[in-house]
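Here is the structure we will look at, set down as structure tokens.
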Amino acid sequence: MAVSLPLPARQRAAARLDPGGVVFVLLNLLGLFAYLHPFFAPGVVDEGTAWFAHRTDAPAVFAGIAALCLVLVVADLAGGGLDSKRLAVLGVLSALAAVLRTITLPAGANLYFFLVILGAFTFGARLGFLLGALSFFLSAVVTGGFGPWLPFQMFASAWMGASAGLVGRAADRAGLGPRGRLALVIAFGSAWGLLYGAITNLWAWPWIVAGPDISYEPGLGPAETLRRYWNYYLLTSLGWDLFRTLCNAVVLAAVGGPILRALLRFRERFAFQVAGVRAGPRS
């Protein structure tokens, strides 16, 4: 005999399922696999293989992140985690961030990062992930930056956005004021100036022959691999990343306060009540 569940029980069951959350986890697992599989499948780094330098997997990774991001948008729209207003915010911020990436500053720094950080900090981890991935894709369309590196840059930017969203939710729970939030995003942006370079270097490092103490070799073990990567990062990337860190800190300190306040007012203005429960951006 079929038993019809009361409406509140159905709603609780749907909330527990959360298809958007499943898609979000799959996206992150895809990114981790794309970055790390060369270190666990040594034959991938052999020059004669089809996988060499991401010849085979880069198009598949790009197709995967594009498709799953679209599914995440649809799932969150259907589940109430994303409404038309926040979807519009995602589109506008992504387009603006893509344009800002075309403005090149000394040592390769640019204005792209601060807007992704502020938008994600305000609207949560899922929208932050989408903002980071979509804005980087749009910037590649504008600049012609297509290549096997693109999906890996999209994942790194998406992780920056997702982590900014988590930090923003922590600030909400802690009840931080405007000055505390600004100090937090400045520190976060400074840290990601280094983290972004450290992550994106990994997409190509296993195939770069740069010297006996800074190149990857299969079978060396985790400790020696990390030591060699640290040496490689110090020699090739740290100086450039320090300029990015400085740029992020200066721009966030200069314009982060007014933009963050505007985004927070927008978020609060369009929060709404459903059956006594306040709806807002999901983390």
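Rounded to two decimals, what ratio of Rg to Rh does segment 47-93 give with C-alpha atoms and a Kirkwood Rh?
Working: Rg = 16.2 Å, Rh = 12.8 Å.
The Rg/Rh ratio comes out at 1.27.
Mind checking Rg over Rh on segment 154-208, alpha carbons, Kirkwood formula for Rh?
Numbers: Rg = 14.0 Å, Rh = 12.5 Å.
With Rh from the inverse mean 1/r over Cα pairs, Rg/Rh is 1.12.
Among (1) 54, 48, 33; (2) 64, 59, 36; (3) 136, 48, 24, which is the computed Cα extents along the principal axes in Å?
(2)
Mind checking the per residue accessible area of the chain for me, 1.4 Å probe, whole number of Å²?
Value returned for the chain: 49 Å² of accessible area per residue.
Can you give the relative contact order of the chain as a percent, counting alpha carbon pairs under 8 Å and 6+ residues apart?
Details: 346 pairs, mean separation 56.4, N = 283.
It comes to 20 percent, rounded to a whole number.
Rounded to the nearest 0.05, what FRET efficiency do Arg265 and Leu36 give with R0 = 51 Å and r taken as the Cβ-Cβ distance? Could you check? Each step should come with its number before you reach the end.
Working: r = 40 Å, r/R0 = 0.79.
Here the calculated transfer efficiency is 0.80.
For the chain, which whole-number percentage of the solvent-accessible area (1.4 Å probe, protein heavy atoms only) is attributable to carbon and sulfur atoms?
On the way: 9890 of 13820 Å².
C and S fraction of accessible area: 72 percent.
Give the peptides 241-250, 258-267 in descending order of average Cβ contacts within 10 Å, highest first. Before the final figure, lay out the partial values.
Numbers: 241-250: 20.1, 258-267: 15.7.
Those peptides, ordered most packed to least, come out 241-250, 258-267.
Counting every Cα pair in segment 61-144, what percent are over 14 Å apart? The partial results should precede the final answer.
Values: 2197 of 3486 pairs.
When every Cα pair of segment 61-144 is considered, 63 percent fall beyond 14 Å.
For a quick protection proxy, order the peptides 27-35, 141-149, 192-200 by their average other-Cβ count within 10 Å, most packed first.
Values: 27-35: 17.3, 141-149: 12.2, 192-200: 19.6.
Top to bottom by mean Cβ count within 10 Å: 192-200, 27-35, 141-149.
The values are calculated or read from the model by the stated rules, or taken from the named source; none is laboratory data. Just so we're clear, the structure is a prediction, and the values are computed from it rather than from any experiment. Please note: Cβ atoms are built from the backbone with ideal geometry, for glycine as well, and neighbour counts cover all protein chains shown. Only protein heavy atoms, including side chains, enter the accessible area calculation; ligands, DNA and RNA are left aside. Shrake-Rupley method; radii C 1.70, N 1.55, O 1.52, S 1.80 Å.
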